[in-house]
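The values are calculated or read from the model by the stated rules, or taken from the named source; none is laboratory data. Everything quoted here is computed from the prediction, not taken from an experiment. Note: ideal-geometry Cβ built from the backbone for every residue, glycine included; neighbour counts use all protein chains shown. Heads up: the accessible areas ignore ligands, DNA and RNA and are worked out on the full protein's heavy atoms, side chains in. Shrake-Rupley method; radii C 1.70, N 1.55, O 1.52, S 1.80 Å.
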Amino acid sequence: LQECSNFHQTRPYIRPGVDISEFTKHFCSSKKYEDIAYGWSLSFNRHFFAELCYDGWLSICSYPSRVAYVLMPWIDPERCIMDYRNVHISKKVVKRSKRYVLSVNRVFDQVVSKCIEQHGESWLYKPMVRILKGLNRDGHRSPSPSSSSSSSGCCDSDDKEGGGARKQHHSSSFKFGVHSIEMWAVSSAGGEDEKKWLVAGDIGYTVGGCYTSMTGFRAPGTVGAGTTQLVATAALLRKLGFGFWDLGMVLKYKTELGGVTHSREDFIKRFHSVRDDSKVELQLPNFTPVGPLIRGLRDYQKSLLATKTKTSGNNRMQQPLMAPPKRSKCSDSSSNSSTSSKSAKNVCNGSSSSSSSSSSSKRSKDAVGTRIEGAENR
């Protein structure tokens with residue numbers, strides 16, 4: 001691959017057995033990789049995949065020239081994070097939410113199939129699907145040192161690790177899981193006659209107190225279901241106690257929903273602050289109505305706003321009273337006022353444009369068109 005592909009020549013190969021934590025620190029701090037998002041590997045071992053996730057790498061799969069399946073872990077120079085206080089909840093979403101219920105891990109294989117059906121195989125090639133389905137079905141179990149290895153062969157089996165002892169870089173107890181979040185439309189008939197059909201879903205994984213979305217789908221003809229499912233997912237994660245929602249690559253529909261762009265360094269810092277949280281778990285024993293979930297998120301946002309307003313009011317009351325400024329007796333006072341106003345406006349415009357340019361997304365050399373382009377395409 002390196003001999004015939006410039007891409008693989010210029011991106012680091014990540015070999016199983018390497019200290020991923022140290023490798024990640026080097027990758028994120030090196031000038032060499034400041035515009036590079038991807039590494040690559042030929043290993044599709046479940047624990048290797050989980051270790052990468054534990055250090056902030058979101059992995060997809062490629063099939064270059066139909067030669068070999070390649071695992072492609074990536075950390076973009078910028079990452080999109082959703083904090084629950086920022087989720088945009090429209091009146092339409094609140095109204096539509098009454099007709100839906102949410103579940104977790106009930107039909108994982110079906111959600112995977114629906115994603116492939118809507119978006120094509122894209123990066124969900126067979127080795128990646130095997131990893132995701134295996135981790136969802138069996139959970140994550142760290143291999144013991146005696147049965148682990150540093151095998152780096154192509155498409156390592158999920159269960160066969162090969163020979164040799166593998167160094168353990170992370171605690172074997174770190175909490176990791178692959179999940180599906182499903183949204184179902186519910187018929188108006190209640191009780192035993194109530195029918196449900198799958199209208200949207202999300203595939204992702206949890207590392208401690210962070211949920212990372214990988215991909216999702218929306219059933220054809222279900223107007224608004226994609227956006228409703230995203231807001232419902234945020235509401236569920238908040239209720240369950242997750243620190244924040246990692247949305248991955250920065251895209252327009254994510255920022256319009258309330259996602260905020262973070263630098264690679266800031267993302268890693270925030271991610272590390274919650275990745276060892278073992279108290280939260282992504283699970284729902286029963287179908288959960290979406291309406292109350294979203295209203296709960298909206299009430300949470302209102303309470304934050306009320307607290308902020310009250311605190312701001314108290315601060316203003318505590319400020320010492322100041323005498324009003326003396327009016328100038330100059331004949332051109334209005335002109336000075338106008339000039340001052342224009343100057344202030346220019347400063348505001350300048351700071352605004354500066355802020356806008358500094359917060360605008362960097363275009364990574366590794367930006368690829370494999371991501372979903374809008375919530376309603378999910």
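I need a count of the residues in segment 18-36 that are over 20 Å from residue 207 (Cα atoms) and either of a type in the set (Gly, Ala, Ser) or assigned to a helix (DSSP H, G or I) (or both).
Residues meeting the conditions: 7.
Hey, can you tell me all the residues within segment 73-94 that are outside any helix (DSSP H, G or I) and over 17 Å from the mean Cα position of the chain (by Cα)?
Quick first cut of segment 73-94, residues outside any helix (DSSP H, G or I) only: 73-83, 87-90.
Passing the criteria: 89, 90.
Filtering segment 245-289 down to residues that are within 25 Å of residue 201 (Cβ to Cβ) and basic (Lys, Arg), which residue is surrounded by the fewest Cβ atoms within 10 Å (Cβ to Cβ)?
Across segment 245-289, the extreme among qualifying residues is 252.
Exactly one condition in (1) farther than 19 Å from residue 283 by Cβ; (2) more than 13 Å from the chain's Cα centre (by Cα) is not met by residue 230; state its number.
Checking residue 230 against (1) farther than 19 Å from residue 283 by Cβ; (2) more than 13 Å from the chain's Cα centre (by Cα), the one that fails is (2).
Going through segment 37-51 one residue at a time, which ones are open to solvent by less than 10 Å² (accessible area, probe 1.4 Å), assigned to a loop (DSSP other than H, G, I, E, B) and among the aliphatic types (A, V, I, L, M)?
Scanning segment 37-51 gives a single hit, 37.
Out of everything in segment 177-198 that is crowded, with 24+ Cβ neighbours inside 10 Å and either modelled with pLDDT under 95 or farther than 20 Å from residue 75 by Cα (or both), what residue ends up being farthest from the chain's Cα centre (by Cα)?
So, considering only residues that are crowded, with 24+ Cβ neighbours inside 10 Å and either modelled with pLDDT under 95 or farther than 20 Å from residue 75 by Cα (or both), the one farthest from the chain's Cα centre (by Cα) is 183.
I'd like to know if segment 213-224 contains one or more residues that are over 25 Å from residue 51 (Cα atoms), at pLDDT 95 or above, surrounded by fewer than 20 Cβ atoms within 10 Å (Cβ to Cβ) and of a type in the set (Val, Ile, Thr).
Looking through segment 213-224, none of the residues is over 25 Å from residue 51 (Cα atoms), at pLDDT 95 or above, surrounded by fewer than 20 Cβ atoms within 10 Å (Cβ to Cβ) and of a type in the set (Val, Ile, Thr).
Are there any pairs with C-beta distances below 7 angstrom linking a residue in segment 100-118 that is acidic (Asp, Glu) to a residue that is modelled with pLDDT of 95 or more, with the two at least 6 apart or on different chains, and if so which?
Going by the 7 Å Cβ cut-off, the qualifying pairs are 109/133.
Out of the residues in segment 225-244 that are part of a helix (DSSP H, G or I) and open to solvent by 20 Å² or more (accessible area, probe 1.4 Å), which is nearest to residue 90 (Cα to Cα)?
227
Looking at segment 95-139 only, could you name the residues that are buried (at least 16 other Cβ atoms within 10 Å of the Cβ), among the aliphatic types (A, V, I, L, M) and either in a loop (DSSP other than H, G, I, E, B) or more than 21 Å from the chain's Cα centre (by Cα) (or both)?
Of everything in segment 95-139, those that are buried (at least 16 other Cβ atoms within 10 Å of the Cβ), among the aliphatic types (A, V, I, L, M) and either in a loop (DSSP other than H, G, I, E, B) or more than 21 Å from the chain's Cα centre (by Cα) (or both) turn out to be 101, 124.
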